[in-house]
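Everything on this sheet refers to the single structure shown next.
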Amino acid sequence: MSNINYIKIKEGFVKTPYGKIYFKLKPAQNAVHGARYKLLLLHGLGGTSNTFKKLINELPDDVEVYSLDLLGHGKSDKPNIKYNIGLQAEILHYFITALKYSNFYLYGHSYGAHVAMKYALYYGTKKVNGFIIEDSAILKTYFRDLSKNKKLINKIVKTALTSKSSKKQIVLDSLDNIIEEGMADLFYIDKPILIIWGENDEITRIEFAYKLKSKSKNALFKVIKNAQHVPHFSNPMELKDLLLEFIGYNHN
């Protein structure tokens, strides 16, 4: 386990035309010429950068990690606007541009993966080494099923509001947008993709993970046994091992 103390992680804000975006940064230790391994983490709907606390604590000291609060979430600004995936992707683009960030792996959990894929569609993959999708169907078939399942929609909304860091209307706007829009396949992604799934996910069932895998010739697919919708929180050590293998981590 890493000896990083999460409390000592740096934090700050990046200004965008829509408001300030809050971030946490775990700097890579002893990286004289810059970090060799870099991650940018995007949380799920209603979540915050704090949901990645356990995973970040497990990562080696020489891995640099940024984790954001998406617009409308956590400590980021919450303007009174219509929230959608395209807007969040634009915000992410402002963040990456402001930091002049490149050669990193973009990690999205659930709603965060929608943002990551939309970013790739709008702005390309030149700055990204690869993508990690965690428990996020991003398939039109899933959202067609979801639109008919009010019980599951209510469960998603209730789960998203657990952290009490997001306004209900922001969550509802965002959910309406992803149900309406869904996502296309992953064939436009020309970088390596790792799909990670909790075996017992009740929100995005594992059957959709297999369908998602079929949409990308570049994707690796890994299942975390007995995990549900948030493996990075419930099974951080197992997820860490999969993540490090995917990014080609070598301490030497």
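Every number in this text was worked out from the coordinates using simple rules, so none of it is lab data. Small disclaimer: the values here were computed from a predicted structure and weren't measured. Cβ coordinates were reconstructed from backbone atoms using ideal geometry, including for glycine residues, and neighbour counts include every protein chain displayed.
What are the principal axis extents of the Cα atoms in region 54-108, in Å, biggest first?
Largest to smallest, the principal-axis extents are 39, 24, 16 Å.
For a footprinting-style exposure proxy, rank I189, I133 by other Cβ within 10 Å, fewest first.
Details: I189 22, I133 30.
Ranked by crowding around the Cβ, least crowded first: I189, I133.
Using Cβ counts within 10 Å as a stand-in for footprinting exposure, how do Y123, Y105 rank, fewest first?
Values: Y123 16, Y105 22.
By the 10 Å Cβ count, ascending, the order reads Y123, Y105.
Between the alpha-carbon centers of region 15-89 and region 228-252, tell me the distance in whole angstrom.
17 Å
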